[in-house]
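Reading through the structure tokens given below for one structure.
The values are calculated or read from the model by the stated rules, or taken from the named source; none is laboratory data. From a predicted model like this one, the values you see are computed outputs, not experimental measurements. Positions of Cβ are backbone-derived with ideal geometry, glycine not excepted, and every protein chain shown enters the neighbour counts. Protein only, heavy atoms only, side chains kept; ligands, DNA and RNA dropped before computing areas. Shrake-Rupley method; radii C 1.70, N 1.55, O 1.52, S 1.80 Å.
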Amino acid sequence: MHFLLHYLRKYPFSTFCILLIWILSFVPFFPETPLNDVAFIDKWVHVIMYGGTFLVLWIEYIRQHRSPDYEKLFFWAWLMPVAMSGIIELLQEYCTGGTRSGEWLDLAANSTGITFAAVIGLLLICFQARK
């Protein structure tokens, strides 16, 4: 329990965003909007949602640590989010009774957003090192 409280104190915004992703991933429906006519809007939402969430994680990490541990960053800020995305897609496909569906393209869009966040995070680390 202490472990969870430690990370909640260190990464409050990331924790909130990750919880929000889990909640939104299992909401049974979304209202119609004019944006539904935009091609691949669902995939763009996935890229932005995951990219934004994990960019917040990178920023909080950079604020907490002066010298980055790249192995930890690779594991916790890239590999684990991609795995979480895959788990969510599998749960949507097999555990929601047909109210949600898991898609490989959603996983690809999520991974793209996570990768964008990682690239931006690494650039922020380089920028911080120059100061």
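Points to keep in mind about this one:
- Most mobile listed residue (Thr99, Thr112, Thr33) in the chain, GNM with C-alpha springs under 10 Å: Thr33
- Rounded to 10°, Cα long-axis angle of helix 41-64 versus longest principal axis of the chain: 20
- Solvent-accessible area per residue for the chain (1.4 angstrom probe, square angstrom): 69
- Carbon and sulfur %, accessible surface of region 47-115 computed with the full protein complex present, 1.4 Å: 67
- Contour excess over end-to-end distance, with Cα ends at Glu103 and His2 and 0.36 nm allotted per residue: 32.8 nm
- The GNM of the chain, with springs linking C-alpha atoms under 10 angstrom apart, assigns the highest mean-square fluctuation among Ala118, Ala83, Ala109 to Ala83.
- Folded to 0 to 90 degrees: helix 12-25 orientation relative to the chain principal axis, Cα: 20
- Among [x] 1.06; [y] 1.12; [z] 1.01, the entry that matches Rg/Rh (Cα atoms, Kirkwood Rh) as calculated here: [z]
- When the chain is treated as a Gaussian network with alpha carbon springs shorter than 10 Å, the biggest mean-square fluctuation among Phe29, Phe74, Phe13 belongs to Phe29.
- About its Cα centre, region 1-99 has a charge dipole of approximately 560 debye under the convention of +1 per Lys or Arg Cβ and -1 per Asp or Glu Cβ, with nothing else charged.
- A Förster radius of 22 Å, combined with the Cβ-Cβ distance separating Leu19 from Tyr94, puts the computed FRET efficiency at roughly 0.50.
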